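Where a number appears in this text, it was derived from the coordinates with a stated rule and is not lab data. Model, not experiment: these values are computed from the prediction. So basically every Cβ, Gly included, is an ideal-geometry build from the backbone, and we count neighbours across all protein chains shown.
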Amino acid sequence: KEQEENVAAAEQLRAAGWTGTFGFIWLDYCGTLASLPGRRRQADLQCLFSGLLKEAAVLAVTLSQRGVAQLYEGELADALMVCVAMAAERAGWQASLLGVVKYHSPTPMVTAAFVVGKDEPSLALLDK
């Protein structure tokens, strides 16, 4: 239902003259992907690929490890990369990792940036 509401909101904005797509999106979350709110975060990512992104775009996502035990070093970053790749693939898109940064603030945090596109994404496509 939430995804349907997001798509409906985008359609209303397009009717008002918005082009309907973003070339850059940064989702800044205070949690992981492995919880009930995390499943909603995964749905947010899937929703982006339903027509809210330009044909080539930069997507950045920040997650925190707040309140969750880490199974291994780098698990949060790995989960994020897999989630973005799978969301893109389900929509017929591709995602290429630009980079990952890990830091503490005060809990472990990770931000990953991706180039996403309908074809082989590359930075050159972003100049269009």
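Structure remark: mean-square fluctuation, Gaussian network model of the chain, C-alpha springs under 10 Å; the largest value among S35, S64, S105 belongs to S105.
Projecting the Cα positions of A8, T21, Q46 onto the charge dipole of the chain (unit charges on Cβ atoms of Lys, Arg, Asp and Glu, taken about the Cα centre) puts A8 furthest along the positive direction. Taking the square roots of 5 times each eigenvalue of the Cα gyration tensor of the chain, largest first, gives ellipsoid semi-axes of 26, 18, 12 Å. Of the trypsin sites (Lys or Arg not before Pro) found in segment 30-83, those that fall in a DSSP loop while having at most 15 other beta-carbon atoms within 10 Å are R66. Loop-resident chymotrypsin sites (Phe, Trp or Tyr not before Pro) (DSSP state other than H, G, I, E or B) in segment 53-109 with no more than 15 further Cβ atoms inside 10 Å of their Cβ: Y72.
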